[in-house]
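**Q** I have a structure I would like to understand better, so I am pasting it below and will then ask my questions one at a time.
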Amino acid sequence: MAALILTIVGFIAGSLPFSVWLGNLVLKQDVRQYGDGNPGGANLGKAGGPLLGIIGVVLDGLKGAIPVLVARYSFGIAGPALIPVALAPVVGHAFSPFLGFHGGKAIATTFGIWLGLTTWIGPTVLGLSVLGITAVITSSAWTVILAMFVWLGVMLYEDYQAVFIAIWAGNILILLWKHRFSLAESFGVRPYLANFLRRTG
């Protein structure tokens, strides 16, 4: 029962569109009119400057980290029950009911859940991987996906529990779906199909 309640709480927390709300409150603007149209901290930064963008990114990360930390350390949730609890904030961010079940690309929230699951290890590996891959390729979508595979390699090498691999699998599926338009473009998908993928994003 605790896992079910925490999954619901995590989904609600993840679905809170802080960057959109901050844009409306502070800037009187919709951050989705900037950049790639994503309702996240990056476009909040483009609309209102770096400081506001950092605040948006941190809030998006915390709404992933806090529910997972509470579940693990306050309620002792572990094993298979941890899977939906950990993935709920990412799902909530990616498909927010506050935004008509559209949402962000879930990158900051992904960092957040791995902070909750592994403290500094997951975010550090992901962050360093992103920095390294960015030096080689320019596609932000591929940077995120490849960084996740680096993190998978680390977890397999360090013999992490199967539950962490299962969480990773759910996480990567969400990220692949949310980045499908950019990934499709990189493969030279025909424009009408790419536009269809954008509309369903």
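The values are calculated or read from the model by the stated rules, or taken from the named source; none is laboratory data. All values derive from a computational prediction rather than experimental measurement. Methodologically, a virtual Cβ is constructed for each residue, glycine included, from the backbone with ideal geometry; neighbour enumeration extends over all protein chains shown.
**Q** Suppose we filter VAL90, VAL85 for residues that are within 30 Å of TYR160 (Cα to Cα), assigned to a helix (DSSP H, G or I) and touching a Leu at 6+ places or on another chain (Cβ under 6 Å); which single one remains?
**A** Numbers: VAL90 fails: touching a Leu at 6+ places or on another chain (Cβ under 6 Å).
None of the others qualify; the one that does is VAL85.
**Q** Next up: Residue by residue through the range 136-152, note down the ones that are of a type outside the set (A, V, I, L, M) and within 20 Å of LEU117 (Cα to Cα). I'd like the intermediate steps shown before the answer.
**A** Here is the first cut: in the range 136-152, the ones of a type outside the set (A, V, I, L, M) are 138-140, 142-143, 149, 151.
Hits for the range 136-152 are PHE149, TRP151.
**Q** Is at least one residue of the range 27-34 assigned to a helix (DSSP H, G or I) and either among the basic types (Lys, Arg) or in contact with a Pro (Cβ under 7 Å, 6 or more places away or on another chain) (or both)? Please lay out each step first, then the result.
**A** Start the filter on the range 27-34 by keeping residues that are assigned to a helix (DSSP H, G or I), which leaves 27, 31-33.
Next, from what is left, pick out any that are either among the basic types (Lys, Arg) or in contact with a Pro (Cβ under 7 Å, 6 or more places away or on another chain) (or both): 31-32.
Checked against the condition, which is being assigned to a helix (DSSP H, G or I) and either among the basic types (Lys, Arg) or in contact with a Pro (Cβ under 7 Å, 6 or more places away or on another chain) (or both), the range 27-34 yields at least one hit.
**Q** Now for a different question. Does any residue in the range 154-166 that is touching a residue at least 40 places away in the same chain (Cβ under 8 Å) come within less than 7 Å, Cβ to Cβ, of a residue that is in a helix (DSSP H, G or I) six or more places away or on a different chain, and which pairs are these?
**A** These pairs meet every condition: VAL163/GLY79; VAL163/PRO80; VAL163/LEU82; VAL163/ILE83; PHE164/LEU117; PHE164/MET155; ALA166/ILE83.
**Q** Does ILE77 fit the bill of being surrounded by 14 or more Cβ atoms within 10 Å (Cβ to Cβ) and outside any helix (DSSP H, G or I)? Before the answer, list the steps.
**A** On the way: surrounded by 14 or more Cβ atoms within 10 Å (Cβ to Cβ): yes; outside any helix (DSSP H, G or I): yes.
Against the criterion (surrounded by 14 or more Cβ atoms within 10 Å (Cβ to Cβ) and outside any helix (DSSP H, G or I)), ILE77 qualifies.
**Q** A follow-up question, please. Report, by residue number, each residue of the range 20-65 that is crowded, with 24+ Cβ neighbours inside 10 Å, modelled with pLDDT under 95 and either within 16 Å of PRO97 (Cβ to Cβ) or of a type in the set (Asp, Glu) (or both).
**A** PRO39 - this is the single residue of the range 20-65 that is crowded, with 24+ Cβ neighbours inside 10 Å, modelled with pLDDT under 95 and either within 16 Å of PRO97 (Cβ to Cβ) or of a type in the set (Asp, Glu) (or both).
**Q** State all residues of the range 93-143 that are among the β-branched types (Val, Ile, Thr), surrounded by fewer than 22 Cβ atoms within 10 Å (Cβ to Cβ) and either in a helix (DSSP H, G or I) or on the phi < 0 side of the Ramachandran plot (or both); if no residue qualifies, say none.
**A** Start the filter on the range 93-143 by keeping residues that are among the β-branched types (Val, Ile, Thr), which leaves 107, 109-110, 113, 118-119, 121, 124-125, 130, 133-134, 136-138, 143.
Those still in the list that are surrounded by fewer than 22 Cβ atoms within 10 Å (Cβ to Cβ) too: 118-119, 121, 124-125, 130, 133-134, 136-138, 143.
Within the range 93-143, THR118, ILE121, THR124, VAL125, VAL130, ILE133, THR134, VAL136, ILE137, THR138, THR143 qualify.
**Q** In the set GLY79, GLY49, GLY45, which member is under 19 Å from ALA166 (Cβ atoms) and over 16 Å from the mean Cα position of the chain (by Cα)?
**A** Details: GLY49 fails: under 19 Å from ALA166 (Cβ atoms); GLY45 fails: under 19 Å from ALA166 (Cβ atoms).
None of the others qualify; the one that does is GLY79.
**Q** For the range 52-72, state whether one or more residues are free of Cβ contacts under 8 Å to residues at least 12 places away in the same chain and more than 12 Å from the chain's Cα centre (by Cα).
**A** Taking the range 52-72 first, the residues free of Cβ contacts under 8 Å to residues at least 12 places away in the same chain are none.
No.
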